[in-house]
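None of the figures in this text is laboratory data; all of them are computed from the coordinates on show. Since the structure is predicted, the reported quantities are computational estimates derived from the model, not experimental observations. Reconstructed Cβ throughout: ideal geometry from the backbone, glycine too, with neighbour counts over all protein chains shown.
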Amino acid sequence: MTRSIKFTLKPRWNEIEKIRNRSRRFLASHGLSDDNVQAFTMVISELIENSVKYGKFETSNNEVIVDIQINGKTVTVEVINPVDETVYTHLKALDKTIQWIRGFQDPFEAYVERLKAVAKKPLDDDDSGLGLARIAYEGQAILDFFLSEDHILNVSAVSNP
Ligand SMILES: Nc1ncnc2c1ncn2[C@@H]1O[C@H](COP(=O)(O)OP(=O)(O)O)[C@@H](O)[C@H]1O
Ligand SMILES: [Mg+2]
């Protein structure tokens, strides 16, 4: 049996906390352990932050969609936002990072590599590049993405604790 919930939010930082709390409540009410609720809420939160940070929103198309599904012990989240040509370098980085994480047998190694890279960066650089590695390691989730012809990006994370 699949149980799901869908949220839409405006791409603003202060909206993220609300969705984080509602996601946490949804996961907790479906029998996940506290640790798994905590971990997967972080996954959802990192993906939404990326949408808000890298999405290209216009007045007609200015929402982030968050779709969470629970199927047995598997939790899936899809985070969806519009993009345009100006963020194609980011989409390449997204693709490269996801492929790079998959190349490690243990996502912990990817996370440690990222931590080392972060340590070398200047302090004011807010693109830590840690989020996706954190999703793979702490969230124990598999990342994927899909870009539709009408410039809608769908990034997903699937956990199977
Ligand atoms: N939703 C997204 N849309 C476009 N590019 C993205 C998205 N999410 C991630 N990326 C790209 O992947 C890179 C790695 O993401 P992440 O690990 O979360 O690090 P950070 O957000 O700190 O840069 C980002 O720097 C960005 O270039
Ligand atoms: Mg990020």
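Data table
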read-out: Residue check for Ser29: within 12 Å of ligand 1 (Cβ to nearest atom) and either without any contact (Cβ under 8 Å) to a residue 12 or more places away in the chain or buried (at least 17 other Cβ atoms within 10 Å of the Cβ) (or both); value: no
read-out: Number of the exception - Ile5 against (1) over 15 Å from the mean Cα position of the chain (by Cα); (2) within 16 Å of ligand 1 (Cβ to nearest atom); (3) of a type in the set (Val, Ile, Thr); value: (2)
read-out: Residues of the stretch 23-40 satisfying the condition of being of a type outside the set (A, V, I, L, M) and under 15 Å from Gln69 (Cβ atoms); value: Ser23, Phe26, Ser29, His30, Gly31, Asn36, Phe40
read-out: Residue selected from the stretch 116-151 under the condition away from ligand 1 (no atom under 11 Å from the Cβ) and surrounded by 15 or more Cβ atoms within 10 Å (Cβ to Cβ), by the criterion nearest to Ala93 (Cα to Cα); value: Ile142
read-out: Filter pass, Ser45 being under 19 Å from Arg3 (Cα atoms) and either of a type in the set (S, T, N, Q) or without any contact (Cβ under 8 Å) to a residue 60 or more places away in the chain (or both); value: no
read-out: Selection status of Val83, within 12 Å of ligand 1 (Cβ to nearest atom), of a type in the set (A, V, I, L, M), in contact with a helix residue (DSSP H, G or I) (Cβ under 6 Å, 6 or more places away or on another chain) and farther than 17 Å from Glu46 by Cα; value: no
read-out: Answer residue from the stretch 73-102, given it is closer than 26 Å to Lys10 by Cβ and of a type in the set (Asp, Glu) and is nearest to ligand 2 (Cβ to nearest atom) among those; value: Glu78
read-out: Members of the stretch 86-115 that are touching a helix residue (DSSP H, G or I) at 6+ places or on another chain (Cβ under 9 Å) and among the aromatic types (Phe, Trp, Tyr); value: Trp100, Phe104, Phe108, Tyr111
read-out: Selection from the stretch 18-36 of residues that are away from ligand 2 (no atom under 16 Å from the Cβ) and either farther than 21 Å from Tyr137 by Cβ or touching a Lys or Arg at 6+ places or on another chain (Cβ under 6 Å) (or both); value: Lys18, Asn21, Arg22, Arg25, Phe26, Ala28, Ser29, His30, Gly31
read-out: Scan of the stretch 104-115 for residues that are crowded, with 16+ Cβ neighbours inside 10 Å and hydrophobic (A, V, I, L, M, F, W, C), ordered by number; value: Phe104, Ala110
read-out: Residue that is surrounded by the fewest Cβ atoms within 10 Å (Cβ to Cβ) [pool: residues in the stretch 37-68 that are closer than 15 Å to Arg22 by Cα and away from ligand 1 (no atom under 15 Å from the Cβ)]; value: Gln38
